[in-house]
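**Q** Dropping the structure in here first, questions after.
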Amino acid sequence: MSCDNTTNPGKFPLVPIYDAILFCDLGGEREWVYEQVNFIKEQCRKSGIPFYILRDKNLKEDYMNNYGINRVVTIPFWSLDENGKKAKMTRHCTIDYKIVQMQNFVRWNLLGYQKGQRTKPEDIQAHEMHIGFTFEEQRRIFDSKHKLFVNKFPMVDMGLTRADNYAYVRERWGLKTRGSACLFCPFHTNYFFENCKYTCEKDYNTILAFDKLLENGVPNSRIGVPNSRLFISRSRKRIRNLTHEECADAKKFDYKGEKVWNGF
């Protein structure tokens, strides 16, 4: 939409021509995400909008190397305690691995602050961070706690759902999009995991390895490993044990009579 505004000024009033567009690569996305990122990167190049891919923090590697050994960020995995009580972990991964990474990049790399340098008065809440939540995700909206930024959520303000965005990108840019989330995100449907199983062995093996890590984790409150068993699947079963019937939960929306899977 920002690229669109460079040739159609004012087409999307709530979306400025950005000073920078950022994508945080946490090391564990489906192949279509990287295809979409490369497409956007090319459109930004044509439109003269700086585009950056941030790879300073790798959530997948951090978990694989540290879970059960050192403290790791909380991901909202589904849990089950010894009495069969169901719950869900809190979500800190978006803030710690995406928002903070972007804030730091802007502060150090774009604004040129040095370590220990105080925030200049003219920079306090003088910069907008626009976050790509869709209208369905409005419950995730939050105010920035960082001195530099004011958070904005233009797609929520425009009332644009995932289906609306799919239609816009497909019709305007010719790209069929799917959702972006880590392979081991617990908000995936079981259908996502089965789709990985039959379409990308590498991604599926990554999911199995991550699930095995959670299965074998030794409880340790000091480093944040809970006593409850943790699962990636909302069915609270190991990924390898999901049945085909349990994977018939694909989330789809209608696009001109066509049922489109949203990628989750």
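The values are calculated or read from the model by the stated rules, or taken from the named source; none is laboratory data. Everything numeric in this text was worked out from a predicted model, so none of it was measured. Cβ: placed from backbone, ideal geometry, glycine included. Neighbour counts: every protein chain shown.
**Q** Kindly indicate whether any position in the stretch 91-101 is under 22 Å from residue 3 (Cβ atoms) and in contact (Cβ under 8 Å) with a residue 40 or more places away in the chain.
**A** Our first condition is that a residue be under 22 Å from residue 3 (Cβ atoms); within the stretch 91-101, this holds for 98.
Cutting the leftovers down to in contact (Cβ under 8 Å) with a residue 40 or more places away in the chain gives us 98.
Scanning the stretch 91-101, I find at least one residue that is under 22 Å from residue 3 (Cβ atoms) and in contact (Cβ under 8 Å) with a residue 40 or more places away in the chain, so the answer is yes.
**Q** Given the criteria more than 26 Å from residue 143 (Cβ to Cβ) and not hydroxyl-bearing (Ser, Thr, Tyr), does residue 87 qualify? Let's see the steps before the verdict.
**A** On the way: more than 26 Å from residue 143 (Cβ to Cβ): yes; not hydroxyl-bearing (Ser, Thr, Tyr): yes.
Considered against the rule, which asks whether it is more than 26 Å from residue 143 (Cβ to Cβ) and not hydroxyl-bearing (Ser, Thr, Tyr), residue 87 comes out as yes.
**Q** So, in the stretch 61-88, exactly how many residues are part of a loop (DSSP other than H, G, I, E, B), crowded, with 17+ Cβ neighbours inside 10 Å and either at positive phi or out of contact with any helix residue (DSSP H, G or I) (no Cβ under 8 Å at 6 or more places or on another chain) (or both)?
**A** Within the stretch 61-88, the first condition is being part of a loop (DSSP other than H, G, I, E, B), and the residues that meet it are 67-77, 81-85.
Right, trim to crowded, with 17+ Cβ neighbours inside 10 Å and you get 67, 72-73, 75, 77.
Those left that are additionally either at positive phi or out of contact with any helix residue (DSSP H, G or I) (no Cβ under 8 Å at 6 or more places or on another chain) (or both): none.
Of the residues in the stretch 61-88, 0 are part of a loop (DSSP other than H, G, I, E, B), crowded, with 17+ Cβ neighbours inside 10 Å and either at positive phi or out of contact with any helix residue (DSSP H, G or I) (no Cβ under 8 Å at 6 or more places or on another chain) (or both).
**Q** Which of the residues belonging to the stretch 36-72 are under 18 Å from residue 218 (Cβ atoms), free of Cβ contacts under 8 Å to residues at least 40 places away in the same chain and not polar (S, T, N, Q)? Before the answer, list the steps.
**A** Within the stretch 36-72, the first condition is being under 18 Å from residue 218 (Cβ atoms), and the residues that meet it are 62-72.
Now narrow it down to the ones that are free of Cβ contacts under 8 Å to residues at least 40 places away in the same chain: 62, 65-66.
62, the sole residue that qualifies.
**Q** In the stretch 241-262, which residues are surrounded by 11 or more Cβ atoms within 10 Å (Cβ to Cβ), in contact (Cβ under 8 Å) with a residue 12 or more places away in the chain and not hydrophobic (A, V, I, L, M, F, W, C)?
**A** 246, 249, 251, 255, 262
**Q** Can you confirm whether residue 29 is of a type outside the set (Lys, Arg) and at pLDDT 95 or above?
**A** Numbers: of a type outside the set (Lys, Arg): yes; at pLDDT 95 or above: no.
No; evaluated as a whole, the condition is false for this residue.
**Q** Inside the stretch 14-60, can you point out the residues that are in a loop (DSSP other than H, G, I, E, B) and over 26 Å from residue 111 (Cβ atoms)?
**A** Kept after step one, since they are in a loop (DSSP other than H, G, I, E, B), are these residues of the stretch 14-60: 14-20, 25-30, 48-50, 55-58.
Those that are in a loop (DSSP other than H, G, I, E, B) and over 26 Å from residue 111 (Cβ atoms): 27, 28, 29, 30.
**Q** I've got another one for you. Pull up the stretch 129-140, narrow it to residues that are under 21 Å from residue 20 (Cα atoms) and without any contact (Cβ under 8 Å) to a residue 60 or more places away in the chain, then point me to the one that is surrounded by the fewest Cβ atoms within 10 Å (Cβ to Cβ). Reasoning before the result, please.
**A** Within the stretch 129-140, the first condition is being under 21 Å from residue 20 (Cα atoms), and the residues that meet it are 129-134.
Keeping just the survivors that are without any contact (Cβ under 8 Å) to a residue 60 or more places away in the chain gives 129, 131-134.
Values: 129: 17, 131: 19, 132: 13, 133: 17, 134: 21.
Checked the stretch 129-140; the qualifying residue surrounded by the fewest Cβ atoms within 10 Å (Cβ to Cβ) is 132.
**Q** Then there is this: Considering only the stretch 97-113, how many residues are crowded, with 16+ Cβ neighbours inside 10 Å and either in a loop (DSSP other than H, G, I, E, B) or acidic (Asp, Glu) (or both)? Don't jump to the end; show me each part of the working.
**A** Our first condition is that a residue be crowded, with 16+ Cβ neighbours inside 10 Å; within the stretch 97-113, this holds for 97-99, 101-103, 105-107, 113.
Then drop every residue that is not either in a loop (DSSP other than H, G, I, E, B) or acidic (Asp, Glu) (or both), which leaves 113.
Adding up the residues that qualify gives 1.
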